[in-house]
Amino acid sequence: MNIIETHNISRKYIMGTTEVNALQSVSITIEKGEYVAFMGPSGSGKSTLMNIVGCLDTPTGGTYSLNNHLVSDMTENELAEVRNKEIGFVFQTFNLLPRASALENVALPLIYAGYGKHERTEMAMAALESVNLADRYHHKPNELSGGQRQRVAIARALVNNPSIILADEPTGNLDSKTSYDIMNLFQELHDKGNTIIMVTHEDDIAHYAHRIVRLRDGLVEWDRKNEHISRGKPVAAAH
């Protein structure tokens with residue numbers, strides 16, 4: 001079943017007197033349970049594509065369907081609900097509240113979803129357990145390492161049991177060893193049935209995904225299955 005379908009989507013930005021074509025006629029489909037990396041150099045359109053897929057931005061042209069629903073037909077309230085319940089976001093900069101504990105950070109989406117405090121605590125603890133960080137539930141971000149902070153961010157993305165996890169350069173602020181630990185965690189999440197879409201410009205990180213979509217100048221340069229899947233160790237990129 002296709003969970004994501006884009007048909008000839010484009011995205012134009014006006015910057016001063018210049019028109020920038022961030023995306024040009026991009027058509028992709030992603031099935032439920034896939035693990036896909038959007039790859040490409042800076043300015044290729046990969047982050048723009050992720051923002052559209054995550055309902056954080058809207059295309060200038062073309063259509064986007066999420067779970068067989070045309071996104072352009074959704075109201076603002078429906079879009080907000082999709083972003084909160086259907087999609088879990090993981091960012092390069094973690095985006096954690098500095099004065100809140102790990103547990104409170106993970107529980108944040110549940111407040112917007114209307115859960116009571118007891119239920120929020122139970123669900124947030126379960127999410128922290130799933131990323132092997134339950135013993136750090138009371139620590140604030142400045143008391144955690146970079147890898148632990150990213151695990152908190154991943155737990156927050158998982159807490160609503162979303163149908164899609166979107167990870168934008170999830171290892172961009174981490175050292176190599178920690179990056180591979182985080183990518184092994186994503187592999188475990190995928191093994192449990194999660195649909196994962198990741199944006200990266202790093203070959204070795206992209207090669208953890210089962211399919212790679214490479215963008216260049218706002219177009220899909222190529223889209224293919226990854227024959228060199230990395231499990232537990234980095235793999236040199238295939239040329």
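Within segment 24-41, residues that are part of a strand (DSSP E or B) have Cβ atoms under 6 Å from residues that are of a type in the set (D, E, K, R) in these pairs: Thr29/Glu5; Val36/Arg211; Phe38/Lys46; Met39/Arg214, counting only partners at least 6 apart in sequence or on another chain.
Within segment 91-114, the set of residues being among the hydroxyl-bearing types (Ser, Thr, Tyr) and more than 24 Å from Asn77 (Cβ to Cβ) comprises Thr93, Ser101.
Please go through segment 70-96 and pick out each residue that is under 20 Å from the mean Cα position of the chain (by Cα) and farther than 24 Å from Leu189 by Cα.
Step one: filter segment 70-96 for residues under 20 Å from the mean Cα position of the chain (by Cα), giving 71, 78-96.
Hits for segment 70-96 are Val71, Glu78, Leu79, Ala80.
Residues checked against (1) modelled with pLDDT of 95 or more; (2) in a strand (DSSP E or B):
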residue	(1), (2)
His190	no, no
Ile197	yes, yes
Asp204	no, no
Tyr208	no, no
Val213	yes, yes
Arg224	no, yes
Ser230	no, no
Ala236	no, no
His239	no, no
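Would you confirm whether any residue within segment 49-58 is of a type in the set (Gly, Ala, Ser), out of contact with any Asp or Glu (no Cβ under 9 Å at 6 or more places or on another chain), assigned to a loop (DSSP other than H, G, I, E, B) and surrounded by fewer than 22 Cβ atoms within 10 Å (Cβ to Cβ)? Among the residues of segment 49-58, not one is of a type in the set (Gly, Ala, Ser), out of contact with any Asp or Glu (no Cβ under 9 Å at 6 or more places or on another chain), assigned to a loop (DSSP other than H, G, I, E, B) and surrounded by fewer than 22 Cβ atoms within 10 Å (Cβ to Cβ), which makes the answer no. Remark: pairs (first residue in segment 78-91, within 14 Å of Val199 (Cβ to Cβ); second residue assigned to a strand (DSSP E or B) and among the charged types (D, E, K, R); Cβ separation under 8 Å; 6+ apart in sequence or on different chains) = Phe89/Asp168; Val90/Asp168; Phe91/Asp168.
Residues in segment 133-158 that are outside any helix (DSSP H, G or I) and either free of Cβ contacts under 8 Å to residues at least 24 places away in the same chain or touching a Leu at 6+ places or on another chain (Cβ under 8 Å) (or both): Tyr137, His138.
Look through segment 11-20, keep the residues that are surrounded by fewer than 17 Cβ atoms within 10 Å (Cβ to Cβ) and closer than 16 Å to Lys46 by Cα, and return whichever of them is modelled with the highest pLDDT.
Let us first name the residues in segment 11-20 that are surrounded by fewer than 17 Cβ atoms within 10 Å (Cβ to Cβ), namely 12-20.
This time we only want the ones that are closer than 16 Å to Lys46 by Cα, so: 12-13, 20.
Numbers: Lys12: 95, Tyr13: 91, Val20: 90.
Step by step, filter segment 11-20, then rank; the result is Lys12.
Summed over segment 109-125, the residues that are part of a helix (DSSP H, G or I), surrounded by fewer than 18 Cβ atoms within 10 Å (Cβ to Cβ), in contact (Cβ under 8 Å) with a residue 24 or more places away in the chain and of a type in the set (A, V, I, L, M) give a count of 0. Identify all residues within segment 187-205 that are within 16 Å of Gln92 (Cβ to Cβ), surrounded by fewer than 23 Cβ atoms within 10 Å (Cβ to Cβ) and within 15 Å of the chain's Cα centre (by Cα); write none if there are none. His201, the sole residue that qualifies.
The residues on offer are Asn95, Asn77, and the sole one that is in a helix (DSSP H, G or I) and closer than 30 Å to Ile9 by Cα is Asn77. Looking only at segment 25-38, count how many residues are over 20 Å from Asn194 (Cα atoms) and buried (at least 18 other Cβ atoms within 10 Å of the Cβ). The total comes to 1.
The values are calculated or read from the model by the stated rules, or taken from the named source; none is laboratory data. It should be emphasised that the depicted structure is a prediction, and the values quoted were computed from it without experimental measurement. As a convention, Cβ positions derive from the backbone with ideal geometry for all residues, glycine included, and neighbour counts pool all protein chains shown.
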